[in-house]
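Note sheet for the following structure.
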Amino acid sequence: MLSLILFAALVTLTTRVSEMVEVIENALRPLARFGVNPAKASLAILLSIWFLPVIAQKFQDVREAQDSRGLSASFMATAVPLIVRTLHMANDIAEALDARSYDPDARPESARAAAAAHGQ
């Protein structure tokens, strides 16, 4: 699990978002004939990769807060605050996507072209 978190952190630190989206979309494009929307699926995968190191850090924050309060390391005492924080973060991301009028169906064919058009 730790190696997966470290790999996700490395990928997100060294690769542009537009490049990751393009690679994932291209890999998923053959699944479009089965009803899979490559843009939506690539966003879901990208957010999952991005969330791994963030959730790991939030886990550490919860554990440190519990340790400083002298609480035991029970599963529920760790899981509940971690789930609440993760859901708040997911809600914030959903609101940001909504505020930017994100519509994967209206995206240009190439994510690289879209990023180039916006100067990224």
**Message:** To the nearest 20 Debye, how big is the dipole of the chain about its Cα centre, given +1 on the beta carbon of each Lys and Arg and -1 on that of each Asp and Glu?
**Reply:** 180 debye
**Message:** Let me check against my output: what whole-number percent is the relative contact order of the chain, with C-alpha pairs under 8 Å and at least 6 apart?
**Reply:** 29 percent
**Asked** Given that just one value was derived from the coordinates, which of (i) 100; (ii) 142; (iii) 153 is volume of the Cα convex hull per residue in Å³?
**Response** (ii)
**Message:** With θ taken as phi - 60° and the coefficients 6.51, -1.76 and 1.60, list the Karplus ³J(HN,Hα) couplings across region 76-83 in order, rounded to whole Hz; mark glycine and proline as x.
**Reply:** 5, 5, 8, 5, 4, x, 5, 5
**Prompt:** What value, in deg cm²/dmol to 500, does the helix sum -39500 (n - 2.57) over DSSP H runs of n ≥ 4 give at 222 nm once divided by the residues of the chain?
**Reply:** -24500 deg cm²/dmol
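We did not get these values from a lab; they are worked out from the coordinates using the rules stated. What you are looking at is a predicted structure, and each value in this text was computed from that prediction instead of being measured. All Cβ positions, glycine included, derive from the backbone under ideal geometry; neighbour counts span all protein chains shown.
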